[in-house]
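Working notes for the structure below.
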Amino acid sequence: MIAGVATVRLGIKSLLLHKLRSGLAMLGIVIGVTAVIWLVALGEGVSYQAQQQIKDLGATNVILKSVKPTESASSGGNTPFIIKYGLTRDDFDRIVSTIPTVRRAVPMREAKSQAWAGTRMSEIQLLGCTADYREINHLVMARGRFISDSDEAKGDNVCVLAAEATERLFAYEDPIGNSIQILSNQQSDIYRVIGVTESRSPSASIGGALEGRNYNRDVYIPMSSFRQRIGDMIIQSGSGSRSAEEIQISQITVTVDNIEQVEETAAIVEILLDKFHKDADFAVVVPKELLRQAETLRRMFNVLLVIIAGISLLVGGIGIMNIMLATVTERTREIGVRRAMGATRGDIIRQFLVETMILSATGGLIGLVAGFLCPYAVYYTLWAIENWFPEMWSTLPPTIQGLEPIIAPWSIAAAVGISISVGVLFGLYPARRAALMDPIEALRHE
């Protein structure tokens, strides 16, 4: 025990004789350990956001979306420019009536439109939906109320504005009770505002299966009102050309009782829709599958990051070995004196190995402390960009704007373990080289 303490003290004393050299040798380990913790924390933060967005969709939901086929057959007759595709009201009725595991099905129809309030105009996303749409998409009311079953039954001309649409159309006025004019499909209608939703962060696209969505530009009207006043066919006029798309339902969100029924229900729905759709004009998205995909991608991403950071540690280890080899050469005469006084080869190996371990362990601890600063560094960096460079901030995707690094405990253990292993592995060769010196030749060394 006493001999071990003496060896450590001697090692520290030897390293302090060359402070700059020892510091530079530790720097590679510091950077490597910090890189492991930081990269994994950033990866965990991005992964967490993606998984939360998937969970917001509902882990017990199956999402059915209308998809425009790559090659759509025209409707024929006198109107060859009409493209008819997507989910239908008959599909909705079949799903609700024939699949016993379906607890709730919520249809939605959307179209790009323009809204006017006096002289103010805003580009909006017009959504025809039912009362259940608010709950299933986690919309929070800021003022007023959402669309009710009574509004749907009567087909009333009422609407609910999202936060950004409200700000553009009414600025600082209270929109509740006021009317707006909505121009869609070359038709204009007046709607009375009954509610306003709170601002909501845009959702990023996930895995290519779900598109990103900005809920703040939505205007919600009853599904029945959308059908009566706008209809299924949307006519688009371009420079010298006209085209039309006929879609009855843009999306159906199906909810089941428990997560075990999700995949089974999705498979049944897909089989049912295939019977009545010749073209691939719909998509079945299961958030549960995306959760598993996101988890798999997170693990792969973390492995890649650890490999990249491990290379930094490898470079740091090579630096330590290089320094220790130089130290062995400088201390050749010292090694000869110690051997002549009775020190064994094992003593010499332990001496140089302890010095290497001190370098790597100290570098690992400093890197560990730097690793814990990752959340603060990211927070203040994003704060600085938002306040000092607002134009740059506006171009950043929502995932980056809301990034919160999550330090994974396993990354700390891995970083420290790798740094110690690097010290042992890269210190062993210089230590053995020192121990294998001929004592006589060492004493003669000048």
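The values are calculated or read from the model by the stated rules, or taken from the named source; none is laboratory data. None of these values were measured; they are calculated from a predicted model. Glycine gets a Cβ as well: all are built from the backbone with ideal geometry, and neighbour counts include every protein chain shown. Heavy atoms of the whole protein, side chains included, go into the accessibility calculation; ligands, DNA and RNA do not. Shrake-Rupley method; radii C 1.70, N 1.55, O 1.52, S 1.80 Å.
Filtering segment 1-54 to residues that are modelled with pLDDT under 75 and β-branched (Val, Ile, Thr) leaves Ile2, Val5, Thr7, Val8, Ile12, Ile54. Set side by side, the residues Ile420, Ile385 differ, and just one is more than 14 Å from Ala41 (Cβ to Cβ) and at pLDDT below 80, which is Ile420.
Hey, does segment 226-237 have a residue that's modelled with pLDDT of 90 or more, open to solvent by less than 50 Å² (accessible area, probe 1.4 Å) and among the β-branched types (Val, Ile, Thr)? No, because not a single residue in segment 226-237 is modelled with pLDDT of 90 or more, open to solvent by less than 50 Å² (accessible area, probe 1.4 Å) and among the β-branched types (Val, Ile, Thr).
A search for C-beta distances below 9 Å between a residue of segment 324-341 that is surrounded by fewer than 17 Cβ atoms within 10 Å (Cβ to Cβ) and any residue that is assigned to a helix (DSSP H, G or I) and of a type in the set (Val, Ile, Thr), counting only pairs 6+ apart in sequence or on different chains, returns Ala340/Ile440.
Consider segment 154-189 and keep the residues that are among the polar types (S, T, N, Q) and over 13 Å from Ile124 (Cβ atoms). The one that is surrounded by the fewest Cβ atoms within 10 Å (Cβ to Cβ) is Gln186. Cβ-Cβ distances below 9 Å connect no pair with a first residue in segment 124-146 that is free of Cβ contacts under 8 Å to residues at least 12 places away in the same chain, a second residue that is open to solvent by 40 Å² or more (accessible area, probe 1.4 Å), and a separation of six or more residues or different chains. The single condition from (1) surrounded by 16 or more Cβ atoms within 10 Å (Cβ to Cβ); (2) closer than 17 Å to Gln114 by Cβ that Asp151 fails is (2).
Consider Thr255 carefully, then state whether it is among the polar types (S, T, N, Q) and within 30 Å of Ala25 (Cβ to Cβ). Here the answer is no, as Thr255 does not meet what is asked.
Among the criteria (1) modelled with pLDDT of 90 or more; (2) closer than 18 Å to Met233 by Cα; (3) of a type outside the set (D, E, K, R), the one Ser148 does not fulfil is (2). Scanning segment 36-53 for residues that are aliphatic (A, V, I, L, M) and either surrounded by fewer than 23 Cβ atoms within 10 Å (Cβ to Cβ) or under 16 Å from Arg299 (Cβ atoms) (or both) returns Val36, Leu39, Val40, Ala41, Leu42, Val46, Ala50.
When restricted to residues that are buried (at least 19 other Cβ atoms within 10 Å of the Cβ) and farther than 14 Å from Thr98 by Cβ, segment 262-280 contains 2.
Within segment 131-148, the set of residues being under 24 Å from Ile252 (Cα atoms) and open to solvent by 30 Å² or more (accessible area, probe 1.4 Å) comprises Asp132, Arg134, Glu135, His138, Val140, Met141, Arg145, Ser148. Checked against (1) at pLDDT 80 or above; (2) more than 49 Å from the chain's Cα centre (by Cα), Ala408 meets all criteria but (2). Being farther than 26 Å from Thr70 by Cα, modelled with pLDDT of 90 or more, of a type in the set (Gly, Ala, Ser) and open to solvent by less than 80 Å² (accessible area, probe 1.4 Å) is the filter here; which residues of segment 83-130 pass it? Scanning segment 83-130 gives Ala105, Ala115, Ala117, Ser122.
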